[in-house]
Amino acid sequence: MTDQQEHQQEQETAIPAQATPPAPGPWADYLTAAQRLDAIRRAASAAAGEQQAAATAARQELSAVRARLAPQQARLVRDFGVPEMELAPRPAEVESAALAMSGGPAAVLAALQQARRTADAADNTIIGPGPARPLRPWARNLLVYGPFAAAVLLVQIVLYLVAPQGSVPTYALLCGLSMPVLAFGLGWATIGFVFGGPGVKVDRTPILGAIVCLTPVLLTCMGVGLLAFFR
């Protein structure tokens, strides 16, 4: 027998063959029972974790619902004259709520979420939808300066069309210089009249107003220059 054959025989002796599944008997029953117990333990641990998370979320939801119901109750009693006894839950309602929450923390969380949605609907009914987000000053003022600037542009176009060919009348030049100032002044006064009030400081965005009101003059000059260039 060579050294290689002796080394291979020693490896086969040191490494046993794969063990076959144990024959039916007490040891096999013990392994099966241990595996089942481990699976049950894992499932119970996962279920306990889910219930703990649901219980934590339910406590947070309960605090939110209480914070919503307290001002609603005060408003109903103060503003609408509803007796406090009518706001207390009746025995049938308490029993129905207890039955809905009998399924554990998850059922309690679902019931509280439904209560919060009901409170939201009640707020929309009593108070109405929340106020719309106001426009920013520059956007609001643009809606005022813009129409006045458009009127200036329209007047300048009309004056140019009725003017004799090849010349610009003096009144057209005077209107072209004075009307942007007039449009700016009208826009300034309109913003203060519509959005202002006693003791209310209104942001009229004068730089934006000046740019908007001078834009028709620039557009008219560009148009006259282009027409003169192509003639």
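Below 8 Å between Cα atoms, with a sequence gap of 6+, how large is the relative contact order for the stretch 35-126 in percent?
Result for the stretch 35-126 is 42 percent.
Ranked highest first by the average count of other Cβ atoms within 10 Å around their residues, in what order do 105-111, 135-141, 81-87 fall?
Averaged packing, sorted descending, gives the order 105-111, 135-141, 81-87.
Only counting other Cβ atoms within 10 Å, I'd like Phe193, Phe184, Phe230 sorted with the fewest neighbours first. Mind showing how you got there, number by number?
Numbers: Phe193 10, Phe184 22, Phe230 6.
Final ranking by Cβ density, sparse to dense: Phe230, Phe193, Phe184.
Charges at C-beta only: +1 for Lys and Arg, -1 for Asp and Glu. How large is the resulting dipole of the stretch 35-126 about its Cα centre, in Debye rounded to 20?
In total the dipole reaches around 340 debye.
Largest first and in whole Å, what are the equivalent-ellipsoid semi-axes of the stretch 46-129 based on the Cα gyration tensor, each being the root of 5 times an eigenvalue?
28, 15, 10
What distance in nm lies between label points placed 7 Å from Cα along the C-beta direction at Ala47 and Phe193?
Spacing of the two 7 Å Cα→Cβ label points: 7.6 nm.
Once Lys and Arg get +1 and Asp and Glu get -1 on their Cβ, which of Gly49, Leu37, Ala64 lies farthest toward the positive end of the dipole of the stretch 27-70?
So the residue furthest toward the plus end is Ala64.
Can you put Ile191, Ile207 in order, fewest other beta carbons within 10 Å first?
Going from sparsest to densest Cβ surroundings: Ile207, Ile191.
Apply the Karplus parameterisation 6.51 cos²θ - 1.76 cosθ + 1.60, with θ equal to phi minus 60°, to every residue of the stretch 33-38 and state each ³J(HN,Hα) to the nearest whole Hz, in sequence, with x for glycine and proline.
5, 5, 5, 5, 5, 5
Just want the ordering: Tyr160, Tyr145, from fewest to most Cβ atoms lying within 10 Å of their own Cβ.
Ascending number of Cβ neighbours within 10 Å: Tyr160, Tyr145.
Any read-out appearing in this document is the output of simple, stated calculations on the displayed coordinates, not a laboratory observation. These numbers come from a predicted model, not from an experiment. With ideal geometry, Cβ positions are generated from the backbone for all residues, glycine too; neighbour counts draw on all protein chains shown.
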